[in-house]
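Following: one structure in C-alpha cells, then a few remarks.
The values are calculated or read from the model by the stated rules, or taken from the named source; none is laboratory data. All values derive from a computational prediction rather than experimental measurement. Heads up, the Cβs are rebuilt from the backbone with ideal geometry, glycines too, and the neighbour counts pull from every protein chain shown. Remember, those area values only see protein heavy atoms, side chains included, never the ligands or the DNA or RNA. Shrake-Rupley method; radii C 1.70, N 1.55, O 1.52, S 1.80 Å.
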Amino acid sequence: MKKKPDASLKGKKPVNKAKTKTLVYRNPSHIHNKLKRSEMYGKYLQQKRKAKDEQKKIREEQLGEDVQKPVPKTIDNTREVEPTSVLENDLEVAADEADDEFAPYFDDDVKPKILITTRPRPSQNVFYFIADLQMLIPNLEFYPRQSYSIKEICQFAINRDYTHLIVLSEKSKVCNGFTISHLQKHHDTGLAGPTAFFKVSNVVTAKNIPKHGKATSHIPELNLHGFGTRLGHRVGRILGSLFPHQAQFQGRQVVTFHNQRDYIFVRHHRYIFNEKKKEEKKSKEAKKDEGPPVKARLQELGPRFSLKLRWVQEGIFDTMHGEYEWFHKRKEMDTSRRKFHL
Amino acid sequence: MRIVTGDECGLLKECLPSLAKKKSAKTVDESKKSNIIVDEGIRRINNGERSCRRRGIVALTWTNTEEDREFSSLHLDGSVEVWERGHFDEDFGNYRFSRKFDNIFGDVVGDGGLDPMKRPLGFSQYSIEGKSMICAANTEGKVVLLDPTLENNQTANAVRSSFTVFQGSNNKSTKLGVTYPLASSMSVDEANHYVAMGGKERETVLWDLNTSQQVWKAKNLPPDAQTLLQPQVWPTAISFLKNSVFSNADGNIMAVGSAHNEVRIYDIRVKDAQAIRRPFAVTPFGLIEHRVTALCQSNAHTLVVGDAAGYLNAVDLRKLGKKARVKKSITTTVGSQGRFVGPVGSVQSVVKHYDSPVIAAVGLDRMLRVYDSENRKELACMYLKQRLKCVLVGRERMARGDDDSIVSENEGDIDQEDVVDDYVDSDLEGSVNENNEDDDDDDDGDDHSGSQDSQELSESESDIESEENSSASDDEDDAPPSGKRRKQ
C-alpha cells in the first residue's frame with residue numbers, strides 16, 4: 001500500500017526545511033538536548049544582535065547626523081561628591097602646600113635619599129621586588145632588617161641623612177604592605193613628617209611582564225594622576241617626594257601613580273614618539289578620525305603593583321603613641337559603593 | 001552658635017553650623033563642581049595674614065565671654081594675639097585684630113626654625129580679683145602669666161610673672177635617641193587658680209598661680225601583680241571637671257588622659273588636711289584604643305574622651321573602678337556610654353557649649369563636627385580645609401535655625417516680650433493696633449541691640465512656629481481617622 005501523506009498536510013506543498021530560516025523568538029533554555037540547545041542559542045543571539053542593529057539604523061535615520069552615543073553610567077561617573085575635593089583656584093590649599101613638608105622636594109631644593117627595608121627574615125620574592133624598586137625609584141638603598149625595631153631604624157637613618165624610609169611587609173611570601181615615612185624635619189615646626197601605610201596588591205616583577213624593557217638609571221618623569229581630594233593631594237605629595245624633580249628627558253622614562261577608586265596603580269614605562277606619515281588621498285573621504293599626527297608608544301619596564309591607603313599618621317612611624325591624620329574605618333567610611341576618599 | 005577654630009597654618013575661622021550646607025549625596029557633575037566648596041557658614045578671621053606653619057595656632061581661649069566679644073590665640077612662635085568684636089556687630093565674621101604680645105616665653109630668636117623642645121603648649125584665661133589674666137605654658141615647663149588688657153606690643157609689661165614647673169630636670173626623656181619634650185599637656189583651673197602640667201614619664205603636678213609654688217603631685221597606681229611594674233605614665237590631656245557628681249565644691253576633680261590609652265580621675269582637694277594623690281577612678285584597659293588627645297566634660301557624670309585615631313568615647317564616670325585591669329567579660333563596656341561617630345583623624349580638641357548639650361570636636365581630618373551630647377548624633381559637619389588644632393564655642397546663640405530639637409523655644413530669650421492682646425472686637429481693631437505700636441517704641445528706646453536680637457529671634461521663631469504648626473496639623477489629620485477606623 002502506498003503511504004498516504006498525513007491529513008493535516010492536505011493542500012500544502014512540500015517545503016525544504018534546509019533552505020528556510022527558523023526565527024528563534026524566545027530564549028531556547030527549554031530545550032533539553034544540549035547540542036540542539038546550544039545551536040538554537042547561537043541563532044537566538046545572532047538574531048537579537050541583528051534586530052538591535054536594525055533599530056539603531058532606523059533611529060539614526062530619524063534623528064539625523066548628530067547623534068551622540070549616550071555615555072554609560074560608571075561608578076567613576078556617579079561618584080559621590082566629596083566636600084574635601086580641591087578646586088583649581090583654591091588659594092588656601094595652595095598656600096598650605098607651598099609650606100608643607102614636601103615643598104622642598106617639589107621645588108627641587110632637597111634630593112630624596114631613601115632607605116628600604118623589609119620585615120625580619122623576608123622571603124625571596126621580596127628581594128626581587130626590591131631589585132625592581134631600585135630601578136623604579138632613583139637613590140633607593142637597601143639595608144637588611146635583621147632584628148631592629150622600626151623606631152631604631154628611623155633613628156639610624158636620620159643619623160645618616162636619609163630623607164625617607166620605606167618598609168615592606170609581607171605575608172605568605174607575597175609583599176602586602178608598604179610604609180613610607182618621611183624622616184626629615186620641617187624647617188619651621190621642627191617636626192618630622194608624616195607616615196603613610198598602603199596595602200600592596202598585584203605585585204608583578206619586571207621579569208614576569210611580557211615584552212618588558214630594562215630600565216636605565218635616568219631620572220624618570222613623574223605622573224601623578226587622579227588625586228582629587230585633600231587627602232589625595234597629601235598622598236600624591238608623599239609619593240611624589242620620593243623622586244628627584246629634575247627629570248632627564250633623554251631617558252624617556254616615566255613613572256605613573258594613577259589613582260582610580262582609591263586604588264593607586266604604579267607603572268613604569270618608556271615612551272617613544274612616532275610621527276604618522278602623511279598619506280595623500282584626496283578621493284577618499286576619511287570616515288574615521290585620522291588620529292593625532294604624533295603618537296606615543298609605551299614599553300613597560302619595572303614592576304607593576306597597586307597600592308591602597310590604609311592610614312596616614314603625623315610624625316614618624318609610631319603605632320603605639322602616634323596621632324593619625326586619617327584612619328580608614330571600614331564600617332563607618334565604606335557606607336556606599338560610590339564614595340571614595342582619595 | 002558661633003564657633004571659632006584655629007589650625008596649624010595660622011588661619012582663624014569663624015563658623016556658623018546653621019549656615020553650613022546640608023549634605024547631599026549628588027553625583028559629580030562638571031558644571032556643578034564649582035558649587036561644592038563655597039561654604040557660607042565659614043568666614044576667615046585673620047585674612048590679612050599669610051598662612052605659614054610658623055604661625056600655627058596652638059590654643060584659643062575666650063577673654064571676654066559677654067556676647068563672645070573677645071578671644072585670644074596662642075601661636076607656635078610664642079606670640080599671643082587678641083581679637084575682638086564690636087558692640088553692635090550682629091553679623092558673623094567680624095572679629096578684628098586688637099593687640100599682640102610677641103614672644104611671651106622669650107624663646108624665639110629671629111626667623112629661624114623653632115625648637116621643638118620649646119614649643120608653646122597651651123594657655124587659658126582665668127580671672128583674679130575681677131581682672132582677667134592668661135596663663136600660658138610651653139613644653140619646657142615654663143609658665144607665664146600674662147595680662148591681656150594691656151596695649152599692643154608691651155610684652156615685657158604684660159608678663160606679670162613666670163616660673164618653671166619641671167625645674168632641675170636635667171634628665172630629659174630620651175628613648176632610642178629621640179628626645180621628648182618635658183611637658184606634653186597643661187590645663188588651668190580657673191576656680192582655684194591652679195595650673196596642671198604633665199609630661200612623658202612625669203606625673204601631673206599642680207602649681208598655684210598666685211604663689212608660684214607646687215601644691216600637689218599625682219601618684220601612680222601600685223605595681224601590677226604580674227609584671228611588678230607600675231603602669232607607665234604620660235599625661236597628654238588634662239581637664240578640670242566642674243560640678244561633677246563627685247565634687248563637693250567647684251573644681252575638685254581632675255581628669256588626666258594619658259598616651260597609654262587610659263583616663264584617670266583624681267581628687268584634688270588640696271586645701272584639706274590630707275591630699276589624696278592616687279587616682280580614684282581609671283578607665284578599664286581596652287576602652288580607649290589609642291593615645292588620648294582631648295577631654296571634655298559633657299555633663300555632671302559624663303566625660304567625652306577623644307583619641308588619636310578619631311574615636312570619641314562618652315565615658316560614665318560613676319561606673320569606673322579603681323583598677324585598670326578588669327574582668328575580661330566587661331572590658332570595653334565598663335563605663336562606656338557610646339561613641340560619637342564621625343572623626344577620621346586624631347581629635348585635637350573637644351569643647352562643650354556653655355549650657356546647651358552641644359559638643360564641637362575638631363581634628364586632623366580637617367573637619368569640624370558638632371554633636372548633640374545626649375544622643376550622640378551629628379548635628380553638623382563642616383570641612384575647613386586645614387588640619388585643625390583648637391576650637392572655641394561661643395555662649396551666644398545667634399540663629400535659631402540650628403538646634404531646634406535641643407534648645408527649647410523660649411530658653412534664654414530674655415528680651416522676648418509677653419505680648420498680651422486684649423480681646424479685640426473687629427470694629428475696634430484699627431485703634432487698638434495704634435496703641436500697641438506706641439508701647440513698643442518706648443521699650444525699644446533703651447536697648448538698641450537687645451531689640452534687634454528679639455526682632456531677629458522673633459522672625460525666625462515665627463518661621464519655626466509656622467513650620468511646627470503645619471507639621472502638627474499633619475499629625476492631627478493622621479491620628480483621628482485611624483482611631484475612628486479601629487473603633488468601628
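Points worth noting:
- Hits in region A:231-256 (condition: open to solvent by less than 10 Å² (accessible area, probe 1.4 Å) and farther than 15 Å from A:Leu298 by Cα): A:Gly232, A:Val235, A:Gly236, A:Ile238, A:Leu239, A:Gly240, A:Ser241, A:Leu242, A:Phe243
- Filter pass, A:Val167 being touching a residue at least 40 places away in the same chain (Cβ under 8 Å), away from chain B (no Cβ under 14 Å) and surrounded by fewer than 20 Cβ atoms within 10 Å (Cβ to Cβ): no
- Of B:Leu388, B:Leu392, all but one fail to be within 14 Å of chain A (Cβ to nearest Cβ), within 21 Å of B:Thr61 (Cβ to Cβ) and of a type in the set (A, V, I, L, M); the exception is B:Leu388.
- Residues satisfying the stated conditions in region B:363-379, i.e. away from chain A (no Cβ under 11 Å) and open to solvent by less than 10 Å² (accessible area, probe 1.4 Å): B:Leu368, B:Val370, B:Tyr371
- If the condition is being more than 9 Å from every other protein chain (Cβ to nearest Cβ), surrounded by fewer than 18 Cβ atoms within 10 Å (Cβ to Cβ) and either farther than 26 Å from B:Gln232 by Cα or not polar (S, T, N, Q) (or both), then region A:307-342 contributes A:Lys308, A:Arg310, A:Gly315, A:Arg330, A:Lys331, A:Asp334, A:Thr335, A:Arg337.
- Breaking point among (1) under 27 Å from the mean Cα position of the chain (by Cα); (2) away from chain B (no Cβ under 14 Å), for A:Glu97: (2)
- Among residues that are in contact with a Ser or Thr (Cβ under 6 Å, 6 or more places away or on another chain) and assigned by the TED database to the domain that holds A:Leu231, A:Pro104 is not included.
- Summed over region B:380-400, residues that are open to solvent by 20 Å² or more (accessible area, probe 1.4 Å) and among the aliphatic types (A, V, I, L, M) total 2.
- Checked against (1) at pLDDT 95 or above; (2) out of contact with any strand residue (DSSP E or B) (no Cβ under 9 Å at 6 or more places or on another chain), A:Ser306 passes all but condition (2).
- Evaluated against (1) surrounded by 16 or more Cβ atoms within 10 Å (Cβ to Cβ); (2) small (Gly, Ala, Ser); (3) more than 20 Å from A:Gly240 (Cβ to Cβ), A:Ser172 falls short on exactly one condition, (1).
- If you go through region B:307-324 and pick out every residue that is touching a residue at least 60 places away in the same chain (Cβ under 8 Å) and of a type in the set (Gly, Ala, Ser), you end up with 2.
- When the residues of region A:132-164 are filtered to those that are surrounded by fewer than 16 Cβ atoms within 10 Å (Cβ to Cβ) and among the small types (Gly, Ala, Ser), the one that is nearest to the chain's Cα centre (by Cα) is A:Ser149.
- Filter result for A:Ile180 (crowded, with 19+ Cβ neighbours inside 10 Å and of a type in the set (Val, Ile, Thr)): yes
- Filtered residue count, region A:86-101, keeping only those that are open to solvent by less than 20 Å² (accessible area, probe 1.4 Å) and either modelled with pLDDT under 85 or outside the structural domain of A:Ser181 (by the TED database) (or both): 0
- Restricting region B:45-70 to residues that are of a type outside the set (D, E, K, R) and more than 21 Å from B:Arg119 (Cα to Cα), the residue that is farthest from the chain's Cα centre (by Cα): B:Gly48
- Considering region B:340-385, the qualifying strands (runs of 3 or more DSSP E), each wholly inside and each with 1 or more residues that are among the basic types (Lys, Arg), run over B:347-352, B:367-372, B:377-383.
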